[in-house]
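Notes follow the structure.
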Amino acid sequence: MPDESDTVPKSPEAELIAVRREKLARLRELGVDPFGGRFETDHEINDLRVNFEEGKKVRIAGRITAHRDMGKSHFFDVSDFRGRIQCYLNAKALGEEQIEIFSQLDLGDWIGIEGETFNTKVGEPTVKTEAFKVLSKSLRPMPDKYHGLADKETRYRQRYLDLMSNEGSRDIFLKRSLMVNEIRSFLQQRGFIEVETPMLQDVPGGAAAQPFETFHNALDMPLYMRIAPELFLKRLLVGGMTRVFELNRNFRNEGISRRHNPEFTMLEAYWAYADFEAMADLVEEMVCGMAEKFCGGLEIEHRNGAGEVTRTINLKRPWKRAPYRDLIKGVAGEDWFEISPEERCGKCSGLGVEISADMEDYEITQQVFEKLVEEHTFDPLYVTHVPKELVPLAKQNTADDSLVDVYELIINGQEISPGYSELNDPDVQRQRLEQQAGGETQKVDEEFLLALEHGMPPAGGIGVGIDRLVMMLTGAESIRDVVLFPQLKRSAGED
RNA sequence: GCGCGGGUAGCUCAGCUGGUAGAGCAGUUGGCUUUUAACCAAUUGGUCCUGGGUUCGAGUCCCAGUCCGCGUACCA
């Protein structure tokens, strides 16, 4: 093997890597496997630190994330996803050979420690190392030990670097996992069963977004990634699953933004014999339970990078419920629905709402709603009595058939959850879908309509955007901060 | 898609009206037996995103591209 160090001019990064590779080779010379193997631990790092007792024999493992070398004494931090603990190592106690091995270790290396717990002079819970095992050598340097990793692009592309160096990021993803567990157990306790329905669909339905298209070779047919599971979950209502939910990914081939990732996580739940108001109560109870469990109460503070509170969301119950038309009148004038469509168009510029020429009348009103109500609503608001054009899969209101029996829950300036009294009349459903499909390219899902003809019980249904819910509860400003691997453009150098 | 802002050492960041690149951390060497952003001393380290242009001279100015961010559009 040629000696690269003499022939190839090295980049500074390559030099850092070369130093670590030399240590890797040295470990092997010393008879140590730098990539370890089984190591039995009896304590989780964070548990050990939180429930700390002195004088206990423990076996722990983690990544070395700090090293304070005092000559004969070493202090170093061992960390994992949930926490860190300080370890102490005394050169004399360990012996020369072990110190030689230890000195081949760097920040970022994984290590197993066997030792005894004690408190230092300043009261830091610490494990006194009696023996250690190299578990994995890291060949590349870690991000800055104090500032962590700040570069957004690297944080998203190499999330592991973000997770190993930024506590705030670890906290969000740990909470997200616990929150999803909480949602599942909340629903399961209430008799809902979790199912999985197709993500590859012949007719992408249940929403009006652009789907991703793919192709099945053996069947020789195009398939679509689902944009919503709704039409399959309703087939299960027909089949007799009277309380059912699915919590998984949807895919929409639309723009990417602070609030949109092409694949995102959605909860959909259907409850036979209930209606949209029962579903609103259910969501309210679920979200408040999560806030109390994970956010320390019903007041959620969002902070900026400097730690200043930028927004406080008050989830105190009962959440406000208001009809769509009343909200519009509140921002656009009491006469909004009396004046002509042309006058409504004219009024928009005065309200600072941009509209385009090809918008239908109801779309103009919807635009007013989104810009003047939705984006300014941070505390929970259930918007009810929505125009039927916006929601083709919900039951019409018995008193006014231009409206549907739905809510749209707004929190944090975004739609977090819609809830319907589900439309179960197959003839009306066909009519509503065909009207809708008129201007759109969407196909009507005949298999779904066939299922409805077999009888779907009346039911309440909800969708909850999990990413947005986690954003609201953790104060994350971007969906990319709550999705582990957000979609990014291929970077230069990749194929 | 469009508009605005950004890309400087492995990481976090400075770099003035254009004058030839700087700190802290990490690394390396030495010192230190209770430190914790350990400390002290010394030291290595640069395709200033890429490609053109203007200029005696470009990290800095101009143009194009690229990736990231924010806004906007699309997303019943």
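All of the numbers you see were taken from the coordinates with simple rules; none came from a lab. As the structure is a computational prediction, the values presented were derived from the model and not from experiment. Positions of Cβ are backbone-derived with ideal geometry, glycine not excepted, and every protein chain shown enters the neighbour counts.
General observations
- Computed log10 I(q)/I(0) for the range A:368-484 at 0.22 Å⁻¹: -1.18, from the Debye equation with unit scatterers placed on every C-alpha and solvent omitted.
- Dipole-positive endmost among A:Thr120, A:Ser11, A:Phe232 within chain A (Cβ charges, Cα centre): A:Thr120
- Sparsely packed loop sites in the range A:95-146 (the trypsin sites (Lys or Arg not before Pro) outside DSSP H, G, I, E and B with at most 14 other Cβ atoms within 10 Å) comprise A:Lys121, A:Lys145.
- Geometric descriptor of the range A:136-253, per residue, is 195 Å³ (volume of the convex hull of the Cα atoms).
- Helical mean residue ellipticity (222 nm; -39500 (n - 2.57) per DSSP H run of 4+; nearest 500) of chain A: -9500 deg cm²/dmol
- Across all Cα atoms of chain A, the radius of gyration (one decimal) and Dmax (whole number) stand at 28.7, 90 Å.
- Cubic angstrom per residue, convex hull over Cα atoms of the range A:192-331: 188 Å³
- The base-10 log of I(q)/I(0) for the range A:289-386, evaluated at q = 0.11, 0.19, 0.20 Å⁻¹, reads -0.46, -0.91, -0.96 [Debye formula, identical scatterers on Cα atoms, solvent excluded].
- In plain terms, the residue of A:Trp319, A:Trp336 with the fewest other Cβ atoms within 10 Å comes first and the most crowded comes last, giving A:Trp336, A:Trp319.
- At most 13 other Cβ within 10 Å, DSSP loop - GluC sites (Glu not before Pro), the range A:272-319: A:Glu308
- In loop segments of the range A:57-111 as defined by DSSP, the trypsin sites (Lys or Arg not before Pro) with at most 11 further C-beta atoms inside 10 Å of their C-beta are A:Lys72.
- C-alpha long axis of helix A:12-29 to longest principal axis of chain A, angle in °: 60 degrees
- The range A:82-134 and the range A:338-373 have Cα centres spaced 67 Å apart.
- For the range A:7-76, the ratio of Cα radius of gyration to the globular rule of thumb 2.2 N^0.38 Å stands at 1.55.
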